[in-house]
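Following: one structure in structure tokens, then a few remarks.
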Protein chains: 2
Amino acid sequence: MRLIVQKYGGTSVGSVERIKEVAKKIVASKKDGLDIVVVVSAMGGETDKLVEMAYEISPEPGKREMDMLLSSGERVSCSLLAMAIQNIGYKAASFTGRQVGILTDSAHTKARIKKIEAHKINRAFKEGLIVIVAGFQGIDEKENVTTLGRGGSDTSAVALASALNADLCEIYSDVEGVFTTDPNVEPEARKLNKVSYEEMMEMASSGAKILQIRAVQFAKKYNVPVYVKSSFKKGDGTLVTKEDSDMEEIEVSGITYDKDEAKVSIIGVPDKPGIASKIFNVVADANIVIDMIIQNISHEGLTDISFTVPKNDAKKSLELAKVVGKEIAAKDVKIDKNMSKISIIGAGMRSHSGIAAKMFRVLAKENINILMISTSEIKISCVIKNKYTELAVRVLHKAFGLGKENKRK
Amino acid sequence: MRLIVQKYGGTSVGSVERIKEVAKKIVASKKDGLDIVVVVSAMGGETDKLVEMAYEISPEPGKREMDMLLSSGERVSCSLLAMAIQNIGYKAASFTGRQVGILTDSAHTKARIKKIEAHKINRAFKEGLIVIVAGFQGIDEKENVTTLGRGGSDTSAVALASALNADLCEIYSDVEGVFTTDPNVEPEARKLNKVSYEEMMEMASSGAKILQIRAVQFAKKYNVPVYVKSSFKKGDGTLVTKEDSDMEEIEVSGITYDKDEAKVSIIGVPDKPGIASKIFNVVADANIVIDMIIQNISHEGLTDISFTVPKNDAKKSLELAKVVGKEIAAKDVKIDKNMSKISIIGAGMRSHSGIAAKMFRVLAKENINILMISTSEIKISCVIKNKYTELAVRVLHKAFGLGKENKRK
């Protein structure tokens, strides 16, 4: 190994003491003769504090200003970390997103990385520096500060690993790795040694908070091996990598849940072509991500359309749906905020059949009503009532044999 | 008036509520049809907190990293202020030192502004924006983040006012203006309507904490009128401007004190040419600013050399003096940290004589021993024992008739 990128999350650099500990870890890696780029998040809690202040000032803070505000947190952690490394006697320097050439589009608060000017970091390596980069941020072509959205430091790390052709991207946080499900809900949950990019993507998009989904997309696209591990506990983590034959052997590798779902229903919609797209265009234009959609079978020329959105966007979605509802002469518009999404995920689904049927059967046995269903090649998600979330996770975890030692290493 | 620069200090933007108040003030100025650039400091206390963390991490934090760290505070205040203005319904945008083109040298933690690319702000004016600038910071030619030293936001403001050819630079802080002396020491102290650049510079360099001295130098060099006023209380402030005949009429316009002086004495030094310069070169190389110097009359080929340094630099100065002392075979090296400097300042000194004699007489009458003296065209400073500071201020304030309404308006 020649070059690694390490990313430390907010809790890992949450205090002066922890920053000193992280510095020791980094220096230990440096002693192995590696070139090291470290990406850091803001100190734990800082970003929330800044967001809170912004909303005390304005109910709708400008997004460009929000990015300027939030980008400050990573400057603090990255400069303190560089000082801590210097204090151990190693050469280090902190860099902002701009200074390492992270160029993004202009979608403030959820910008996408377009390009990384890798030569800037290579120059720093030539000076023998350990390079500490402020995660989560970049600049757009007009040199405005942009941020990559919550969890964006993961994406910074993977994108840097890709641009620098790193051998490995290590993601250190307060989780020990990727588990078969949330250990807080199911104590039998087991850490996985390996998951595929596709599985990790499905997990990230269906509630697991381990890696930002864009980071996994990036890793998949550029084939960057990502190693998720705890910065507090010793022991192995989970390698996120290309799918292999081991992974295909088992049906389901993980179960995720997301309690932050709200369901908007537009009732009694005239069933004409173009009506569904009208509704969804309006919602999408407000930058709200629709997750699942159901359109009922038409009855006397009228149909119902339901869709789920993140709970944060529920209020706005309802307002928009009401406006559109009026326009298209819908009979009613409703919202239900007590929704959860349960997903089972596994690369093995490609080669095993009957998994969906088994999932529905297991839930039905517990009298858990399934309100919406969506599937992908390697995932099945069901929307259920909030209150059944933990029960559903536990029965599915057991039914798919995830608690016991299964075949995947 | 067409264009003003306003600067708000840390206490003026010390909380969300205060930021909202400042936003209202700015909008009120905007309503007068002005183009406005606002320079802000970090929220009160934030910079101290960051400095503290840095020293918890390292006894000698790297200066480049320190600048990266400290520059974060102004990003927070400037983006929050821009949000607050937008929330009132006016267009505003926050900019870092880099984004408004503040280019400095590379002297981290005390960089000097070399150039400001004014076209960047003029472009923002064309879009109708109120421009909010993060004070205290810039970038050097290698695009490293630099800071301008404590109080550096004053300098940012004056430099921007100069580069933009502003009609006025308003400095808002928690002081109401420039007083004849510190009102906390002498309740009779009176606010001055006007002081000259030269007087203000002498005041700043001899203990008054109203404006950063570099800001005044900048203002003088480019003839920028600076108006110092309170952001909390109504009423007039003090205009810092070119000397005029009013100012020359009175002997003394202000009395300042500085309790942060330490005196280093090198005792029994062989009186050979070049020895003093050797001592002072070593101290200057460590970036310590020597204030006053006394070399005693030689006695049997030996002399004593004393100099004052800021108390913060006392320990280091003593170490350096000991090293040099050994080299030049000095008999002893001593330090006294209980020193104060009392200064009387006035443009009128140029045309009035006997002022120094009067100062010495007034102090002598109170049995206050003068340990060192230094003078400039418009200032006389005496080093005295710390404990006499307040007494000295009061008797001098009275003796020079500063408490009563004097001639200067």
Roughly speaking, what is the stretch gain from B:K316 to B:K331, that is 0.36 nm per residue apart minus the C-alpha to C-alpha distance, in nm to one decimal?
3.5 nm
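Please find the FRET efficiency linking B:V323 to B:A107, where r is the Cβ-Cβ separation and R0 is fixed at 25 Å, and quote it to the nearest 0.05.
On the way: r = 24 Å, r/R0 = 0.98.
Using R0 = 25 Å, I get an efficiency of 0.55.
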Running a GNM on chain A with Cα contacts under 10 Å, which residue among A:I26, A:I266, A:I328 ends up with the highest mean-square fluctuation?
A:I328
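Can you give the FRET efficiency to the nearest 0.05 for A:R350 and B:I88, using r as the Cβ-Cβ distance and R₀ = 41 Å?
Details: r = 57 Å, r/R0 = 1.38.
About 0.15, to the nearest 0.05.
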Would you mind computing, in nm to one decimal, how far apart the modelled labels at A:Y222 and B:R150 are, each placed 7 Å from Cα along Cα→Cβ?
4.4 nm
Selection of trypsin sites (Lys or Arg not before Pro), the stretch B:1-101, meeting DSSP coil and at most 16 other Cβ within 10 Å:
B:R2, B:K91
Which distances in nm, rounded to one decimal and ordered from shortest, link the label point of B:N296 to the equivalent label points in the other identical copies, with labels set 7 Å from Cα toward Cβ?
10.3
Take A:E117, project a point 7 Å from its Cα along the Cβ direction, then tell me which residues of the stretch A:50-73 have their backbone nitrogen under 16 Å from it.
none
To confirm my reading of the symmetry, which residue of chain B has the Cβ nearest the axis that brings B onto A, and what whole-Å distance does it have?
B:S72, 2
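For the protein assembly as shown, what is the percent of antiparallel DSSP beta bridges, rounded to the nearest 5?
Details: 90 of 146 bridges.
Roughly 60 percent of the DSSP beta bridges within the protein assembly as shown come out antiparallel.
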List the distances, in nm to one decimal, from the label point of B:V16 to the label points of the same position in every other copy, shortest first, placing each label point 7 Å from Cα along the Cα-to-Cβ direction.
2.8
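Can you tell me how chain B classifies by the Cα gyration tensor, rounded, prolate or oblate, using a/c under 1.5 as the rounded cut? Walk me through the numbers on the way to the answer.
Values: a/c = 2.25, a/b = 1.42, b/c = 1.58.
Cα axes put chain B in the oblate bin.
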Exposure proxy ranking, count of Cβ atoms within 10 Å, fewest first, for B:D260, A:D32:
A:D32, B:D260
If we hang a label 7 Å off Cα along the beta carbon direction at A:K337, how far is it from the matching labels on the other copies, in nm, shortest first?
5.7
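222 nm [θ] for chain A, helices only, -39500 (n - 2.57) per DSSP H run of 4+, per residue, to 500?
Values: 12 runs with 145 residues, N = 409.
Rounded to the nearest 500, it is -11000 deg cm²/dmol.
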How many partner chain Cβ atoms sit within 10 Å of a residue's Cβ in peptide B:10-16, on average, as a whole number?
1
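Which FRET efficiency value, to the nearest 0.05, do you get for B:D32 and A:E143 by plugging their Cβ-Cβ distance into 1/(1 + (r/R0)^6) with R0 = 22 Å? Could you put the intermediate results ahead of the total?
Details: r = 31 Å, r/R0 = 1.40.
Result of the calculation: an efficiency of 0.10.
None of the figures in this text is laboratory data; all of them are computed from the coordinates on show. Since this is a predicted model, take the numbers as computed values, not measurements. Note that we place each Cβ from the backbone using ideal geometry, even for glycine, and neighbour counts take in every protein chain shown.
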